[in-house]
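Here's the structure we're looking at; comments come further down.
The values are calculated or read from the model by the stated rules, or taken from the named source; none is laboratory data. Note that the structure is a prediction, hence the values are computed from the model and not measured. Here the Cβ positions follow ideal geometry from the backbone for every residue, glycine too, while neighbour counts run over all protein chains shown. Accessible surface is based on the protein model in full, side chains and every heavy atom, while ligands, DNA and RNA are left aside. Shrake-Rupley method; radii C 1.70, N 1.55, O 1.52, S 1.80 Å.
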Amino acid sequence: MRKTTRRDTLKLISAGAIVGIAPGFWATNAFAEGKRIAMVVKNLGNSYFDACAKGAREAAAEVGGFEIIYTAPTKATAEEQIAVIDALIAQKVDGIIVSANDANALVPVGKKAMERGIKVISFDSAIAKDGRIMHLNASSTPLIGAKQVQMIAKTLGNKGEVAILSAASTMTNQNSWIAAMKEEWKKPEYKDMPLVATVYGDDQDDKSYREMQALAKAHPNLKGVISPTTIGIRAGAKAIIDDGLVGKIFITGLGLPSEMKDAVLKGACDTFAIWNPVDYGYSSTQVLINILKGAPAGPGSTLKMGRKGDTKVGDDGEAAMGEPFVFDKSNVEEFAKIF
């Protein structure tokens, strides 16, 4: 591979300025002579993805010879994400890890990258199969969906109206988890806990906050909200606290301990779950490094994830890192110091 010049760096920074590449995305020069891996996430200002990037850098430093480019559009749209990936293709990066804003819309640009010899995998939110080599889930979809229903059911004693506050309607991971929730909801123990609405905050704090307020007004008997998105759960919890609804409505879902600590301690959230995003970024990067080193990644293949062990690719071209972890008053302060 040819040496990365200062002009190349400036070109990539310039391209990123147009589509919103995250500040400080360009890695240190420690691995400037090695291969370049880009982590393309949904949008800027998301501390969950910032933690994933930290893990990616840990993996690159551990292996050596790999440089991490952390980048995202300013808005969580497929169009802006495609522009980011096009810029990276032009820069001839070696590999791309993507959390897709739209599974199908990103297929053409994923194909384009792979046709140019770039290895493409997805994590967090999958690109459809034709646009990537494989997808690494943080956990299994059935477990993630079921866990969220189980958490709100435990809080409510299996009784009361519940709504879902999701991210964007096009996000594959959100839709898959919601489908898994609905499967869990079919069990007879939830017959007195109906799902009354599903709304979308588009992974924006202000919109998610307003959607939470609107849910409370539209459904006066609402007792619980499930938000399978770190932005949605933190914004929803803030709306519950700000509007004096603590003890009347509880929110659960997928959140970061550092962002949910106050909500848990104040009583807006009883329990929530997440995997360690640092580990997720680390594992995804280790998987792509293995692929770049020639490891097969088709169905039935086993890929190494460094300190997280091995993972096996299923017939659907997907693998999983591990199980979700539940946080509550007993442990949230401890983990809030970490991520």
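Local charge sum around Ala105 (other residues, Cβ-Cβ under 15 Å, Lys/Arg +1, Asp/Glu -1)? Every neighbour counted, the sum reads +1. Using +1 at the Cβ of each Lys and Arg and -1 at the Cβ of each Asp and Glu in the chain, identify which of Thr141, Ser227, Val84 lies farthest towards the dipole's positive end. Final value for the positive-end residue is Val84. Contact order, relative form, for the chain: 17 percent (alpha carbon pairs under 8 Å, 6 or more residues apart, mean separation divided by residue count).
Using a 1.4 angstrom probe on the protein heavy atoms only, could you order Leu256, Leu143, Leu44 from most to least accessible area? It would help to have the intermediate numbers written out before the result.
Working: Leu256 5, Leu143 85, Leu44 50 Å².
Ranking Leu256, Leu143, Leu44 by accessible area, largest first, yields Leu143, Leu44, Leu256.
In this structure the amide hydrogen of Ala197, modeled in the peptide plane, comes within under 5 Å of the amide hydrogens of Ile164, none closer than 5 places in sequence on its chain.
Starting with the highest mean, order 302-311, 72-81 by the number of other Cβ atoms within 10 Å, averaged over the residues of each peptide. The partial results should precede the final answer.
Numbers: 302-311: 16.4, 72-81: 20.4.
In decreasing order of mean packing, 302-311, 72-81 become 72-81, 302-311.
Secondary structure note: in the chain, about 20% of the DSSP beta bridges are antiparallel. I need the Debye-formula profile for region 224-319: one equal scatterer per C-alpha, no solvent, reported as log10 I(q)/I(0) at q = 0.13, 0.20 1/Å, two decimals. Debye curve over Cα of region 224-319, log10 I(q)/I(0) at q = 0.13, 0.20 Å⁻¹: -0.59, -0.84.
Between Lys129 and Lys112, the contour length at 0.36 nm per residue exceeds the Cα-Cα span by 4.7 nm.
Rounded if a/c is under 1.5, else prolate if a/b is larger than b/c, else oblate: which is region 96-193, with a ≥ b ≥ c the root eigenvalues of its Cα gyration tensor?
On the way: a/c = 3.83, a/b = 3.04, b/c = 1.26.
In terms of gyration-tensor shape, prolate.
Highest mean packing comes first when the peptides 101-107, 155-161, 226-232, 328-334 are listed by Cβ atoms within 10 Å, giving 226-232, 101-107, 155-161, 328-334.
Seen from a random direction on average, the alpha-carbon convex hull of the chain projects onto 16.2 square nanometres. Classified by the C-alpha gyration tensor, region 199-273 has an oblate form. Its axis ratio a/c, with a ≥ b ≥ c, is 1.5 or above, and a/b does not exceed b/c.
The angle between the Cα long axis of helix 78-90 and the main principal axis of the chain comes to about 20°, on a 0 to 90 degree scale. Basic side chains Lys and Arg get +1 at the Cβ, acidic Asp and Glu get -1 at the Cβ, and with that the dipole of the chain about its Cα centre reaches some 600 debye.
Descending by average beta-carbon neighbour count within 10 Å, the peptides 202-213, 122-133 line up as 122-133, 202-213, the highest first.
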